Amino acid sequence: MNKTGWLNVFGILLVGWLGIPLGHTSDMNAGVGPSSSSKSEKVEGDAGRGREIFNGKGVCYYCHGMDGHRDKLPQIETDTAALIARLNPPPTDLRNPKVLYLNTDQQRFRIIREGHTGTGMFPDTTMTDQDITDTVAYLAILRREGYGKSP
């Protein structure tokens, strides 16, 4: 990633870490999940694609670890790693059901889209609704696996 990209990631992490809202995303129906033409239609997530997004485009693995393993953080710039290490509260262990409090995929979708004020979880506006839906499908696998084997 080039210097500008790292500066953007650093800025986004810092904004999330400080709990500064970036704007009102609720006007964009961010909390309702992917939009569809019919209320009865449900968009399915592709967990395999979600894993690729989690460990890539979504940069979830920067804080939550490769495949949700907090002890398997990627090689990132020293300054970025130091900032992540100072996050308080620390990033959630996505493989430990005892610490997970979001109960629905709709809540998970909203947190990914809008971020979580008071934590380092910043709003992600780079992911499409389908990207988030796929990532949420992958998160379901992480919750089921817990501390067991890697996917």
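Quick notes
- Members of segment 130-140 found to be surrounded by fewer than 22 Cβ atoms within 10 Å (Cβ to Cβ) and either under 27 Å from Arg86 (Cα atoms) or of a type in the set (Gly, Ala, Ser) (or both), listed by number: Ala137, Ala140
- Residue check for Met127: among the hydrophobic types (A, V, I, L, M, F, W, C), crowded, with 21+ Cβ neighbours inside 10 Å, under 14 Å from the mean Cα position of the chain (by Cα) and not in a helix (DSSP H, G or I): no
- Any hit, segment 91-113, residues being over 21 Å from Asp46 (Cα atoms) and in contact with a Phe, Trp or Tyr (Cβ under 6 Å, 6 or more places away or on another chain): no
- The set of residues in segment 49-76 being exposed (fewer than 15 other Cβ atoms within 10 Å of the Cβ) and in contact (Cβ under 8 Å) with a residue 40 or more places away in the chain consists of Lys57 alone.
- Only listed residue being among the polar types (S, T, N, Q), within 20 Å of Asp71 (Cα to Cα) and touching a residue at least 60 places away in the same chain (Cβ under 8 Å), chosen from Thr92, Thr133, Thr126, Thr119: Thr119
- If you go through segment 65-122 and pick out every residue that is assigned to a helix (DSSP H, G or I), more than 17 Å from Asp134 (Cα to Cα) and not charged (D, E, K, R), you end up with 9.
Read the figures in this text as sums done on the coordinates, not as results from a lab. Treat the numbers as computed from the prediction; the structure is a model and nothing was measured. Every residue, glycine as well, gets a Cβ built from its backbone with ideal geometry; the counts of neighbours run over all protein chains shown.
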